[in-house]
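Engineer: This is the structure, below, for whatever I ask next.
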Amino acid sequence: MQKIERNQIIKWGILGTGKIAEQFAEQLVKIKAAKLIGVASRQFENAQKFCQKFEGVKAHNSYESLCQDIEIDVVYVSTPTHMHSYHCHLVLDANKALLCEKPFTCSYDEALAVIRKAQQKQLFCMEAMWMRFNPCIQMAKQAIDENKIGNIRTLHAELGYQKDPNLLDTRLKGRGASLAFGCYTVSLVIYFFGKPDTVSSHIIPNSQGGDETGALLLNYPDKVASVFYSEGATLSNKVSIYAQEGSLHIDDSFINAPSLDIVSLKDIQSRSITERLQIRLNRIFNKINSIINHGNSVNKYNNIGFRSEAEEVIKCLYLGLLESKTMPLNETLSTHHILDRILIY
Ligand SMILES: NC(=O)c1ccc[n+]([C@@H]2O[C@H](COP(=O)([O-])OP(=O)(O)OC[C@H]3O[C@@H](n4cnc5c(N)ncnc54)[C@H](OP(=O)(O)O)[C@@H]3O)[C@@H](O)[C@H]2O)c1
């Protein structure tokens, strides 16, 4: 990988032309410090079609061809989960920095092999866990770290969308909703509280032998987190945290959080804290919108996490970091470790 100078334009490539790749690209092209250089598909027409939406982007007829493009600094892998491991190795073997969609791989072992290769080759690597870069999630993390609501006792998070059982992904090596949705809930708990001491779980299997619905308890000496995930039912998709001096609530859908409510019992004017946060959020979004969206955003919160995660990659590359402090690789591994064990508990 070529040396990155601070403030140089970071040149991106995208592997895969699915709907998530398109949503990511729409946000990426709004970043002044980023340039989308190439998009690769297994079928050239798909890459060409994708490129029609983004001016000046080169269509590649294979993933290998994109990875060999010497202009590209970093590749975003947005292929189906069962292909992540293979495509991550392809990117790293070509000496490019790597941002890979969630869940990082299908298992802990696959994740470890990719991360080891990135570390051996001194290449930046990050799981594209966009949820962590949402401003509401960031502010919730700050409130927790600053003990704004006192000692936390419980967290409850739910993420689930009902899926047509005929459309279940048969390629996930015996896994199911834990990879699609469970990864978000576990990653969130680890982000807020670190790795749990123990985990207990109950799952309802799907017709492929994977998990259709699951409930996990992530246990800490002084608190407990319960998370539900499902492909069999649409859940509340919210997060609530209760503590000795207040509570914190992240609205539906917490992975693309539209709002955060902090109720502090320490402050009798807790509502005003909520309002202040809301005002701060509005200020941030208005500023961002006026710079890059020309103030036309329909939902000002929508998909902000994609843009912020791409900005994080750029910041890390400028600083010469090999991983992000917000989405560190050991937390990707911890998430996979827990997800792996769900099916055997
Ligand atoms: N951040 C989020 O909110 C979010 C939401 C949903 C999903 N995701 C993650 O994003 C990734 C992509 O999701 P998606 O829904 O966009 O996936 P998808 O539509 O199933 O596939 C994305 C692209 O991957 C390429 N591909 C490569 N190998 C393939 C194979 N063996 N079978 C099918 N397609 C293959 C295809 O592009 P070409 O034909 O052009 O090669 C396809 O268009 C997944 O890891 C998923 O977990 C993230």
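Engineer: Going through the stretch 7-28 one residue at a time, which ones are more than 9 Å from the ligand (Cβ to nearest atom) and among the charged types (D, E, K, R)?
Structural biologist: Of the stretch 7-28, the ones more than 9 Å from the ligand (Cβ to nearest atom) are 7-14, 25-28.
Across the stretch 7-28, the qualifying residues are Lys11, Glu26.
Engineer: Looking at this structure, is Arg175 at pLDDT 95 or above and open to solvent by 10 Å² or more (accessible area, probe 1.4 Å)?
Structural biologist: On the way: at pLDDT 95 or above: no; open to solvent by 10 Å² or more (accessible area, probe 1.4 Å): yes.
For Arg175, the condition - at pLDDT 95 or above and open to solvent by 10 Å² or more (accessible area, probe 1.4 Å) - is not met.
Engineer: Does Gln162 satisfy the condition of being assigned by TED's automatic domain parsing to the domain that holds Asp261 and part of a loop (DSSP other than H, G, I, E, B)?
Structural biologist: Considered against the rule, which asks whether it is assigned by TED's automatic domain parsing to the domain that holds Asp261 and part of a loop (DSSP other than H, G, I, E, B), Gln162 comes out as yes.
Engineer: Could you check the stretch 182-202 and list, in sequence order, the residues that are touching a Ser or Thr at 6+ places or on another chain (Cβ under 7 Å) and buried (at least 17 other Cβ atoms within 10 Å of the Cβ)?
Structural biologist: Cys183, Val186, Ser187, Ile190
Engineer: Enumerate the helices (runs of 4 or more DSSP H) found wholly within the stretch 75-152, keeping only those where 3 or more residues are away from the ligand (no atom under 16 Å from the Cβ) and not assigned by TED's automatic domain parsing to the domain that holds Ile241.
Structural biologist: By residue number, 108-120.
Engineer: Among (1) near the ligand (Cβ under 10 Å from one of its atoms); (2) free of Cβ contacts under 8 Å to residues at least 12 places away in the same chain, which single condition is Gln48 missing?
Structural biologist: Evaluating Gln48 over (1) near the ligand (Cβ under 10 Å from one of its atoms); (2) free of Cβ contacts under 8 Å to residues at least 12 places away in the same chain leaves (1) as the failure.
Engineer: Related question: Can you list the strands (runs of 3 or more DSSP E) lying wholly within the stretch 228-345 that have 3 or more residues being hydroxyl-bearing (Ser, Thr, Tyr) and at pLDDT below 85?
Structural biologist: So the answer is none; nothing clears 3.
Engineer: Something else about it: Looking at the stretch 76-101, which of its residues are touching a Leu at 6+ places or on another chain (Cβ under 9 Å) and charged (D, E, K, R)?
Structural biologist: Lys96
Engineer: List every residue pair whose Cβ atoms sit under 7 Å apart, with the two residues 6 or more apart in sequence or on different chains, where the first one lies in the stretch 324-335 and is over 13 Å from Tyr108 (Cβ atoms) and the second, anywhere, is open to solvent by less than 20 Å² (accessible area, probe 1.4 Å).
Structural biologist: Qualifying pairs under 7 Å: Ser324/Met126; Ser324/Cys316; Thr326/Arg132; Thr326/Phe133; Met327/Met126; Met327/Glu127; Met327/Met129; Met327/Arg132.
Engineer: Return the pairs, sorted by first residue and then second, in which the second residue is surrounded by fewer than 21 Cβ atoms within 10 Å (Cβ to Cβ) and at pLDDT 95 or above, the first residue lies in the stretch 77-101 and is at positive phi, the beta carbons are less than 7 Å apart, and the residues are 6+ apart or on different chains.
Structural biologist: Asn95/Lys121; Asn95/Leu123
Engineer: Among Ile72, Ile31, Ile4, which is assigned to a loop (DSSP other than H, G, I, E, B), open to solvent by less than 10 Å² (accessible area, probe 1.4 Å) and either within 21 Å of Cys125 (Cβ to Cβ) or near the ligand (Cβ under 9 Å from one of its atoms) (or both)? Working first, answer last.
Structural biologist: Details: Ile31 fails: open to solvent by less than 10 Å² (accessible area, probe 1.4 Å); Ile4 fails: open to solvent by less than 10 Å² (accessible area, probe 1.4 Å).
Testing whether each residue is assigned to a loop (DSSP other than H, G, I, E, B), open to solvent by less than 10 Å² (accessible area, probe 1.4 Å) and either within 21 Å of Cys125 (Cβ to Cβ) or near the ligand (Cβ under 9 Å from one of its atoms) (or both) leaves just Ile72.
The values are calculated or read from the model by the stated rules, or taken from the named source; none is laboratory data. Owing to the predicted nature of the structure, the values given are computational and were not obtained by experimental measurement. We place every Cβ from the backbone using ideal geometry, glycine too, and count neighbours over all the protein chains shown. All accessible areas refer to the heavy atoms of the entire protein, side chains included, with ligands and DNA or RNA removed. Shrake-Rupley method; radii C 1.70, N 1.55, O 1.52, S 1.80 Å.
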